[in-house]
Amino acid sequence: MLYAAKIASRYLTASLAQTGLLVLGVALGVFIFIFMSALIGGLASFILARTAGDMAHVTIQAEAQDPALLGPAQGVLLAQGPATGHTAILRDTAALLPLIAALPGVTGVSPQINGSGFMTRGGEVIQVSIMGLEPGRESVIANLASYILQGSADLASGGVLLGKTLAEDLDVTLGQQVRLTSTQGVEALLTVTGIYQMGSGGPDRRQAYVGLATARVLIQMPQGVTRVEIKLTDLYAADALAPQIKALTGLDAKSWTEQAAQLLDALQAQAQTGYILKAFALLTIIIGVASALLLSTYRRRPEIGIMRAMGAGRGFVMAVFVIQGGLIGVMGGLLGAGLGYLVLLAFPGRESFSSGSGLPIDITQGAYGLAIWLTTLGAVLASILPARSAARLDPVTAIGQ
Amino acid sequence: MTLLQVSDLVKTFGAGEAETRVLRGLNLTLKTAELAALLGPSGSGKSTLLTILGTLMRPTSGAHTMLGVDLTRADDRALTEFRNRHIGFVFQFHNLLPDFTALENVIFPTAVREGRESAAARTRGAELLVRMGLKDRIQFPTANLSGGQKQRVAVARALMNRPELVLADEPTGNLDRASAGQVMDLIAEINRDEGTTFLISTHDEKIAALCRRQIVVGDGVVTG
Ligand SMILES: Nc1ncnc2c1ncn2[C@@H]1O[C@H](COP(=O)(O)OP(=O)(O)O)[C@@H](O)[C@H]1O
Ligand SMILES: [Mg+2]
């Protein structure tokens, strides 16, 4: 092996320009691999931060009371009590909230009362969803404060926060009053204390934020809440934390992943696109190395014949070319990884990335080790075919006397 | 003492209409320490015979034994090993590995067997090159050597593993008269001192005259 390695490395150094080009080609493939890894990884983190960032990571939603199942009486298949028809309520959450907030990994807890109704001003009537938040916790889940265009995110009693589109549709401005009527039939005259723009159509068009106290009156819920939203430091910890919260509180805590199947699907599709592109980069490397080595075995036919005549076995000839492939793979892999790292360094970090200015590249997700390893493996595999054809050459025709 | 023997050796190339019978029942015996010239017109089958004797090609039929070993029955691995230990080659062209020095070329047959370039092999290789009059060319890249020097390196390499038989296919065919004479003198000297058997194909009568035995092939058999 050692001697085969000596011959192999001599062959590579004998035509430096050719070897250099080949290694550079491999390095380019590795670079693409690493760039794609960093981009897809960074993009996934970015999208998650953007969407799941404003999303609750764990949600406790009050279940609409199931109609009670009565024990089957003689001769009756199924007996059912009447449905309640009331808004589902989470009672006794007040004592549980500090417990949840104290769990490791939990950054914030937001009790909410949700409902719906319609807003009127002048002749305009617009259906809205009512979101009652606890004053002081307005920005625990979605960072409401950061979306405020006018006024503030503080939910004072008698105040309401409106999305920009909704405010425009109603033709109201900051400080003006709107009438909000809940589906429960309660009516309130509220002052617009803030106008926000989240950028996504839904909330901007149909969401009205009010204080928890106002919501209690509107939804007719003197106690309890309809939902508790929980935010975590690591959104991927949600699947582990949800059952923990459930065990702690006895409430039905659900991870965001259960509801955000579409988002997960999209991220998965994106990752798959990344895999395909990376596979193509690897394939390019393999084809490049294979064709270069095939050319080399052709050019060195007489030498291969001479070596065989001097007592080199087929295995030895094979080793000479496979080792060449391996060396090219290692060199190209290292060069490409180094190059990739340097180029990625030039991109602004993902933290400073904002949409519209460059790419959300994450230099830590470059998969450098994997790239080098796969490239070496690929180059060795690529060399097997040319190496076999070299080993099987008939020495007499190869020498070509 | 008999070194090798072939009998009823037949070699045909191609099949059907295109079939060429190159060797047609050739018989030949070589003894230890012989210095023999292989003569015959171009296309008479000299190279074919040499490659069969060198175990680089199998005969279509016939017997082939060397050092008591039946080589027609040996597999590729065994033939490679046999060749490495017992047979040296000198070809007319493309003899050397161009990206290696004279010394690296000479010690190849030993290094490939041992899996490394040992100090002992280097010492023997250098001695052989000195003996070939290439003392100041030992570390030379072979690409920079003259034709005569290349052939002398090739002779040194053929002798590296102390083979019983060296097969040389027109080793001087490419050289000027002075270089050819030099190579032949060295071959004769090694043959005399070491008892190595040489079989040298040539169509140069002057080269043939330097050998103690002349074997002539024609029509696929030995005619003289
Ligand atoms: N691989 C081959 N395929 C077909 N014909 C061959 C092959 N090798 C040699 N021959 C033919 O065999 C004959 C003898 O060739 P060769 O042994 O090279 O003769 P010499 O060395 O005496 O000139 C020639 O007619 C040549 O064309
Ligand atoms: Mg010939």
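Things to note:
- Take every pair of alpha-carbon atoms less than 8 Å apart whose residues are at least six positions apart; their mean separation over the length of chain B yields a relative contact order of 31 percent.
- Springs between Cα atoms under 10 Å define the GNM used for chain A, and in it the highest mean-square fluctuation of A:Ala390, A:Ala312, A:Ala44 occurs at A:Ala312.
- Pairwise centroid distance, computed over Cα atoms, of region B:180-224 with region A:87-112, Å: 103 Å
- Protein-protein interface of region B:49-85, residues with accessible area decrease of at least 30 Å², isolated chain reference, 1.4 Å probe: B:Leu56, B:Asp76, B:Thr80, B:Arg83
- Centre separation in Å (Cα based) which lies between region A:243-274 and region A:139-201: 30 Å
- Over region A:87-256, relative contact order from alpha-carbon pairs under 8 Å, at least 6 apart, %: 30 percent
- Based on every Cα atom in the protein assembly as shown, Rg and the maximum pairwise Cα distance Dmax equal 43.7, 128 Å.
- Surface calculation, 1.4 Å probe, protein heavy atoms: B:Arg213 sits at approximately 70 Å² accessible.
- Ligands, DNA and RNA aside, A:Ser139 has an accessible area near 40 Å² when probed at 1.4 Å.
- Largest GNM mean-square fluctuation among B:Ser118, B:Ser44, B:Ser179, using chain B with Cα springs under 10 Å: B:Ser118.
- If you run the Gaussian network model on chain B, springs between alpha carbon atoms under 10 Å, then out of B:Thr101, B:Thr65, B:Thr20 the most flexible one is B:Thr20.
- Comparing Cα centroids, region B:72-98 and region A:363-401 end up 26 angstrom apart.
- The Rg/Rh ratio of region A:87-256, with both radii computed over alpha carbons and Rh defined as the Kirkwood radius, is 0.99.
- Shown are A:Lys254, A:Lys246, B:Lys11, whose ranking by accessible area with a 1.4 Å probe and every protein chain present, most to least, is A:Lys246, A:Lys254, B:Lys11.
- The charge dipole of region B:76-210, taken about its Cα centre with unit charges on the Cβ of Lys, Arg, Asp and Glu (plus for the first two, minus for the last two), comes to roughly 320 debye.
- Lys, Arg +1 and Asp, Glu -1 on Cβ, resulting dipole of region B:1-77 about Cα centre, debye, nearest 20: 100 debye
- Placing unit charges on each Cβ (+1 for Lys and Arg, -1 for Asp and Glu) gives chain A a dipole about its Cα centre, and among A:Gln112, A:Val125, A:Ala391 the Cα reaching farthest toward its positive end belongs to A:Ala391.
- Computed over chain A, the per-residue total of -39500 (n - 2.57) for DSSP H runs of n ≥ 4 gives a 222 nm mean residue ellipticity of -17000 deg cm²/dmol, rounded to 500.
- Solvent exposure, largest accessible area first (probe 1.4 Å, DNA, RNA and ligands not counted), of A:Tyr368, A:Tyr275: A:Tyr275, A:Tyr368
- For the protein assembly as shown, the solvent-accessible area with a 1.4 angstrom probe is 46 square angstrom per residue.
- Look at the dipole of the protein assembly as shown built from charges on Cβ: of A:Ile323, B:Ser47, A:Gly158, the Cα furthest out on the positive end belongs to B:Ser47.
- Taking the helices alone, chain B has a mean residue ellipticity at 222 nm of -10500 deg cm²/dmol, built from -39,500 (n - 2.57) per DSSP H run of at least 4 residues and averaged over all its residues.
- Here is the list for region B:29-132: chymotrypsin sites (Phe, Trp or Tyr not before Pro) lying in DSSP coil, each with at most 14 other C-beta atoms within 10 angstrom of its C-beta, are B:Phe93.
- Heavy-atom SASA rank of A:Ser255, A:Ser389 (probe 1.4 Å, accessible area, largest first): A:Ser389, A:Ser255
- Among the listed pairs A:Lys6/A:Lys278; A:Lys6/B:Lys150; A:Lys164/A:Lys246, those whose Cα-Cα separation exceeds 27 Å are A:Lys6/A:Lys278; A:Lys164/A:Lys246.
- Based on C-alpha pairs under 8 angstrom that are at least 6 apart in sequence, chain A has a relative contact order of 26 percent.
- Of all DSSP beta bridges in region A:87-256, antiparallel share, percent nearest 5: 75 percent
- Interface of B with A. Using a 1.4 Å probe and counting protein heavy atoms only, the two chains hide about 2400 Å² of accessible surface, both sides summed.
- Listed residue (B:Gly133, A:Ile7, B:Asn84) projecting farthest to the positive dipole end of the protein assembly as shown, Cβ model: B:Gly133
- About its Cα centre, region A:87-256 has a charge dipole of approximately 220 debye under the convention of +1 per Lys or Arg Cβ and -1 per Asp or Glu Cβ, with nothing else charged.
- Protein accessible area in chain B, 1.4 Å probe - carbon and sulfur %: 48 percent
The values are calculated or read from the model by the stated rules, or taken from the named source; none is laboratory data. Since the structure is predicted, the reported quantities are computational estimates derived from the model, not experimental observations. Glycine also receives a Cβ, built like all others from the backbone with ideal geometry; neighbour counts cover every protein chain displayed. We work out accessible area using only protein heavy atoms, side chains counted, and drop any ligands, DNA or RNA first. Shrake-Rupley method; radii C 1.70, N 1.55, O 1.52, S 1.80 Å.
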